[in-house]
Amino acid sequence: VVASAFLFALRAGTLASLRFRDIDVEVKEVRVDASKSRVKNGQSLHVFWFPVGREFEDIVIKWLDELRACGAQSGDALSPPDAALEGRSTLLRHSDEPILPWASNDAIGRAFTIASAAAGLLRYTPHAARHCIAELGKTLCRTEAAREAWSKNLGHSKRQITESHYAKMTPARRKVELDRLRRGEIETEAEKDLLLMFHEHRLVRGTPEFEQAEKLHAARMERLRD
């Protein structure tokens, strides 16, 4: 629950009502149907996983694998209520109907309380995860496109920007920008221009510009090797 709160940055109500079918591991996205889940303003959501680290992704993927091994079906809750659990290896079924998610957000809050105590921290709320992701975006996003992709992925429909091109950002473009951030490709437009000048041998060796471009080039080569 805590890992998914950071990876998806969804509100507690939406997180509590997620279904197994809402999560796509291959594309790294969450598609929330407003008619089946609790979402703000009754609007369906299409969210790509935030680039918060492989550890968060691994926890969520392993949980999905565990649910699948327990017999989870597409319409079942991502976090089955206690009443739907029968030991650690199976889900309790009384019919072919899907296992419904939690009716309230309380379970999400309890998960954060338990996790905070286990880590020796003050109690954090589920919404703290969204605040954390919003702040992380300020650090990682160094281009207008990246900032707009991050904002839209948080579900913010409006943001003060100057380029109308980014105001009309499509989900496909948003995924491209978030994937670039996940891979560490966060050069600004100025840095890209510097790299171009470096490759065209238009920089003087020994100057601050050359040294910066050389570091940018080395970092890009390292990413390609990875």
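Numbers at a glance
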item	result
Residue count, segment 120-141 (criterion: part of a helix (DSSP H, G or I) and free of Cβ contacts under 8 Å to residues at least 12 places away in the same chain)	4
So R110, is it at pLDDT 90 or above, closer than 25 Å to V176 by Cβ and not small (G, A, S)	no
Exclusive hit being over 21 Å from the mean Cα position of the chain (by Cα), open to solvent by 80 Å² or more (accessible area, probe 1.4 Å) and basic (K, R), set R68, R38, R54	R68
Positions within segment 96-117 being within 15 Å of T14 (Cβ to Cβ) and hydroxyl-bearing (S, T, Y), in sequence order	S104
Test result for A117, over 26 Å from V25 (Cβ atoms), assigned to a helix (DSSP H, G or I) and either at pLDDT 90 or above or under 13 Å from the mean Cα position of the chain (by Cα) (or both)	yes
Cβ-Cβ under 9 Å pairs, at least 6 apart or on other chains, segment 98-119 side within 19 Å of A34 (Cβ to Cβ) and open to solvent by less than 60 Å² (accessible area, probe 1.4 Å), far side part of a loop (DSSP other than H, G, I, E, B) and among the hydrophobic types (A, V, I, L, M, F, W, C)	P101/L18; P101/L78; I108/V1; I108/W102
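The values are calculated or read from the model by the stated rules, or taken from the named source; none is laboratory data. Computed from a predicted model, the values in this text were never measured in an experiment. Here Cβ is always computed from backbone atoms with ideal geometry, including for glycine, and neighbour counts include all displayed protein chains. Surface accessibility is based on the protein's heavy atoms, side chains included, excluding ligands, DNA and RNA. Shrake-Rupley method; radii C 1.70, N 1.55, O 1.52, S 1.80 Å.
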